[in-house]
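Student: If you scroll down you'll find the structure; I have some questions about it.
We did not get these values from a lab; they are worked out from the coordinates using the rules stated. Small disclaimer: the values here were computed from a predicted structure and weren't measured. Heads up, the Cβs are rebuilt from the backbone with ideal geometry, glycines too, and the neighbour counts pull from every protein chain shown.
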Amino acid sequence: MVCLLLGPVTSQESSSPSSSSSSPPCPASCLCARDSGTVTCRGDTEVPGEVPDWTSALILRGNNISNLPRAAFSPNGTELDALVTLSLSRNGIRAIEAGAFLGLPRLHLLDLSHNLLASISAGAFHGLPELRSLYLNDSLLAPATAHLSRALATAGGLRHLHRLDLAGNRLTSIPMERLDIYNLHTLVLVNNSIESIGGENVSSLYRQWRVRLYLSLNPFRCNCDLEAFYHWLRNSSQCPDSDLLLCSEPEARRGTPLKSLRAEDVDCVNENLEAVSYVFLGIVLALIGVVFLMVLYLNREGIKRWLNNIREACRDQMEVYHYRYEQDSDPRLANVAV
């Protein structure tokens, strides 16, 4: 959440058109504070048409603006050179068209948090050469995830981007092809659906030693796919919340902190060898079973004779026991014999 302090607003500041001879008056739905350079607008369904050129902080929060068209903040081609902070949180924005922020050459902070973005044009962030902070937390719907990756990759002017907040967006990976083309100091990926960090991103993190990566509340899959990230996590201090990273899978390691894992737990070589050993054992057991069945088949006649002999021997023995029982069952027969 971005907090902005508003200066005192007086009726003279908010309504007087004579405060600047060349600047447009304060829009009807807005409150303008000339001393702090802040303009706050509520209840709009679109971006105000003309904003005073002295505005340094424009707050359009809690409105019903569903779309940001091209040059939404400079419809007449007039640049807002003084604007450094633009807050568009909680507006229900669903689409950002190419060049939506043209005319804001000095913008440092752009807050698009808590919206419903489903479409982000590839050129959505063009024309923002001085942008330092971009907040997109709790804003991306599923279709916009792929769009964001493309928009960030084609926005070559974001080389001064220091902070990117993407928390709470159900991301499954870092939506940036290369981290080293930016000047990031902070990348927030808290509370997403990331199961692993790929080797290419880990290599970029090694090169970008200044970046701080926040990754808590992600369901990490603690298998050998995590090997490169695991070693980076153990050998780097770039993840301030590393102690809060927990395994989600497999079941035996659920809730286990990543940093407490052993190296062999995420060793791809050992895991592959173990899988191969189980396969080899299965093959050996199968061959033994086949050999055993072949032996039984080839000796079926001898085994049949052997079983018959055992049955006959058992039958003869049982007849002997039966005869003896009949002779000894009546004790009077013994007295008669005497």
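Student: Quick one: net charge around Leu88, please, counting Lys, Arg +1 and Asp, Glu -1 for every other residue with C-beta under 15 Å from its C-beta. It would help to have the intermediate numbers written out before the result.
Tutor: Working: positive: Arg42, Arg61, Arg90, Arg94; negative: Asp44, Glu46, Glu97, Asp111, Asp138, Asp165.
Once positives and negatives cancel, what remains is -2.
Student: Something else about it: Take the alpha carbon atoms of the range 118-211, find their radius of gyration, then divide it by 2.2 N^0.38 Å using N residues; give the quotient. Please list the in-between numbers first.
Tutor: Details: Rg = 12.4 Å, N = 94, 2.2 N^0.38 = 12.4 Å.
My calculation over the Cα atoms of the range 118-211 gives 1.00.
Student: If you don't mind, another one. Loop-only check: which trypsin sites (Lys or Arg not before Pro) in the range 196-269 are DSSP coil with at most 14 other Cβ within 10 angstrom?
Tutor: Details: sites: Arg207, Arg210, Arg212, Arg221, Arg234, Arg253, Arg254, Lys259, Arg262; in loops: Arg210, Arg254, Arg262.
Those satisfying the criteria are Arg210, Arg254, Arg262.
Student: Could you compute the FRET efficiency for Arg178 and Arg94, with r as their C-beta to C-beta distance and R0 at 30 Å, rounded to 0.05?
Tutor: Working: r = 28 Å, r/R0 = 0.94.
The value I calculate is 0.60.
Student: What ranking of Trp232, Trp209 emerges when the number of other C-beta atoms within 10 Å of each C-beta is taken as an exposure proxy, fewest first? Mind showing how you got there, number by number?
Tutor: Numbers: Trp232 19, Trp209 9.
Neighbour counts put them in this order, fewest first: Trp209, Trp232.
Student: In addition: If I require 18 Å or longer along the helix axis, counting alpha carbons, and a Kyte-Doolittle average no lower than 0.0, what helices from the chain are left? Use full DSSP H segments.
Tutor: On the way: long enough: 142-154 (20 Å, 0.39); 268-298 (45 Å, 1.95); 300-328 (42 Å, -1.61).
Span-like helices in the chain: 142-154, 268-298.
Student: In addition: How large is the helix-only mean residue ellipticity at 222 nm for the chain, computed as the sum of -39500 (n - 2.57) over DSSP H runs with n ≥ 4, divided by its residue count, in deg cm²/dmol to the nearest 500? Please report the intermediate quantities before stating the final value.
Tutor: Values: 7 runs with 103 residues, N = 338.
Counting only the DSSP helices, I get -10000 deg cm²/dmol.
Student: Want the number for Ser203 to Arg262: 0.36 nm per residue separation, take away the alpha-carbon distance, what's left? Working shown, then result.
Tutor: Values: separation 59, 0.36 × 59 = 21.24 nm, distance 2.15 nm.
Length gained between Ser203 and Arg262: 19.1 nm.
Student: Let me ask you something else. Using the Cβ atoms and a cut-off under 10 Å, what net charge is assigned to the surroundings of Ala153, where Lys and Arg are +1 and Asp and Glu are -1?
Tutor: Here the count lands on +1.
Student: Compute a Gaussian network model of the chain, connecting alpha carbons closer than 10 Å, and tell me which residue from Leu261, Leu158, Leu179 fluctuates the most.
Tutor: In the Gaussian network model the winner is Leu261.
Student: Ok, one more. Rg to Rh for the chain: what is it, with Cα atoms only and Rh by Kirkwood? List each step's numbers first, then the result.
Tutor: Working: Rg = 38.4 Å, Rh = 25.7 Å.
Answer for the chain: 1.49.
Student: Comparing Met176, Met318, Met294, which has the greatest mean-square fluctuation in the GNM of the chain with Cα pairs linked when under 10 Å apart?
Tutor: Met318
Student: Could you tally the net charge around Leu131, taking each other residue with its Cβ under 11 Å from the Cβ of Leu131, Lys/Arg +1 and Asp/Glu -1?
Tutor: Working: positive: Arg106, Arg132, Arg159, Arg163; negative: Glu130.
Local charge sum for Leu131: +3.
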